[in-house]
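Trainee: A single structure is presented below for examination.
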Amino acid sequence: MNGRVPSSSIRILDGEDLLQTFRPEGGSAKTFCRTCGSNLFGGGWPDSETASVRATAIDDHFDARPSVHIFVRSLAAWETLPDDGLDRFETTSG
């Protein structure tokens, strides 16, 4: 799960020296922790106007709820989506 936020609103509180950004040819940048491999940011961060922040990158409790399901075409065979009435998109939501 991830949320879209302005890249300028992302603040790294600790461990910035452990971040590694990968920019695949023809794709958008993805940022990982060099130590544990956690995928933290996507959507082109830090150079994009908006970025995807992986929920696992957030330390504080938050009450946000999912608003759509995206990339449902890539759903693992063993995974099921909840019957929650949210819109579903094969790629992005728009």
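Trainee: Pairs of alpha-carbon atoms within less than 8 angstrom and 6+ residues apart define the contacts here; what relative contact order does segment 1-43 have, in percent? Write down the numbers at each step before the final one.
Mentor: On the way: 39 pairs, mean separation 10.7, N = 43.
The normalised contact order for segment 1-43 reaches 25 percent.
Trainee: Once label points are set 7 Å from the Cα along Cα→Cβ at both Phe89 and Leu13, what is their separation, rounded to one decimal in nm?
Mentor: 3.0
Trainee: Taking a 1.4 Å probe, which of Trp78, Trp45 shows the most accessible area, and what order do the others take after it? Numbers along the way, then the final one.
Mentor: Details: Trp78 200, Trp45 30 Å².
In descending accessible area the options line up as Trp78, Trp45.
Trainee: May I ask you to derive the relative contact order of segment 11-94, considering only C-alpha pairs under 8 Å and at least 6 residues apart, and to give it as an integer percent?
Mentor: Details: 95 pairs, mean separation 13.6, N = 84.
Worked out over segment 11-94, it gives 16 percent.
Trainee: How many percent of the accessible area of the chain is carbon or sulfur, using a 1.4 Å probe?
Mentor: Working: 3550 of 7190 Å².
Looking at the chain in its full context, I get 49 percent from C and S.
Trainee: Sorted by accessible area with a 1.4 angstrom probe, largest first, how do Phe89, Phe22 fall? Let's see the in-between values first.
Mentor: Numbers: Phe89 60, Phe22 115 Å².
The residues order as Phe22, Phe89, largest area first.
Trainee: Which GluC sites (Glu not before Pro) from segment 8-56 combine a DSSP loop assignment with at most 13 other Cβ atoms within 10 Å?
Mentor: On the way: sites: Glu16, Glu25, Glu49; in loops: Glu25, Glu49.
The qualifying sites are Glu25, Glu49.
Trainee: For Arg34, Arg65, write out the residues from largest to smallest accessible area, computed with a 1.4 angstrom probe and no ligands counted.
Mentor: Arg65, Arg34
Trainee: Determine how large the accessible area of Thr35 is when every protein chain is in place; take a 1.4 Å probe and give Å² rounded to the nearest 10.
Mentor: 110
The values are calculated or read from the model by the stated rules, or taken from the named source; none is laboratory data. All values derive from a computational prediction rather than experimental measurement. Neighbour counts run over all protein chains shown; Cβ positions are idealised from the backbone, glycine included. In case anyone asks, the SASA skips ligands and DNA or RNA and just uses the protein heavy atoms, side chains included. Shrake-Rupley method; radii C 1.70, N 1.55, O 1.52, S 1.80 Å.
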